[in-house]
Amino acid sequence: MEKMKNLTLLELSSKLCMLFLLVTAQRCQTLHLIEMDDLHFRENSLEIKTNHVLKQTRPGYHLHDIVLDRYHNNNLCIIETLNEYLQRTQGLRTDKKLLVSTQKPHQGVSQATVSRWVKILMLKAGIKKQFGVHSTRAASTSAARAKGVPIASIIKTAGWSNARTFEKFYHRTLPKEDQPLSFQSAILSKDH
């Protein structure tokens, strides 16, 4: 937890965005639309209401609410990261958006800003420029599949209506694991 306190607001914002994209397999659009009222903290989890029109929204189909569990490693726990972010931005927040600009007047950020924050972190991590922010979706869903997460869980988490979308556009071949995990645990565990 001490490591998080030492991060600048920009670094913390980037970390929060990257964790969200990886453990939810969502797009930047989903994250940028989240408002404070959409967050519902439970004892060991966080539920995020997805009340907003998203790219995959169509008549009769909408993304399920996102449920994130507390993770045993606080430095990788999205709930701990979000709590730190909320504490740091509490006095800065000027509107109902979850993500606020790191510079005055600290208004809600655009989808492009979320993408830029993630790209900054990707470059710092040494990820080649050829990979874009949307690559997080393929990376997390492929890693989850390789670790034995059932395809139905991957489809539900990513908000796809069927497995063809995953197989055609996102599935990358990775070494397969024997033991099935939850989607979030599969992404955050060290054994990639």
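Since every read-out is calculated from the coordinates, none of them should be taken as a lab result. What you are looking at is a predicted structure, and each value in this text was computed from that prediction instead of being measured.
Quick one: 3J(HN,Hα) in Hz for region 14-22, Karplus 6.51/-1.76/1.60 with θ = phi - 60°, rounded, Gly and Pro as x.
Once rounded to whole Hz, the list reads 4, 4, 4, 4, 5, 4, 4, 4, 6.
If amide H atoms are built 1.01 Å from N in the plane of the peptide, which residues on other chains or at least 5 residues away come under 5 Å of the amide H of T50?
D65, I66
In whole Hz, what ³J(HN,Hα) sequence does region 151-156 give by Karplus (6.51, -1.76, 1.60; θ = phi - 60°), x for Gly and Pro?
Values per residue, Gly and Pro as x: 4, 4, 5, 5, 4, 5 Hz.
Over the Cα atoms of region 63-110, Rg to Rh with Kirkwood Rh, two decimal places?
Rg divided by Rh gives 1.05.
Near the amide H of E35, under 5 Å away, which other amide H atoms are found, from residues 5 or more places off or on another chain, if H is placed in the peptide plane?
L98
Which whole-Hz couplings ³J(HN,Hα) result when phi for each residue of region 72-80 is put into the Karplus expression 6.51 cos²θ - 1.76 cosθ + 1.60, θ = phi - 60°, listed in order with x for Gly and Pro?
5, 9, 4, 6, 10, 7, 5, 5, 5
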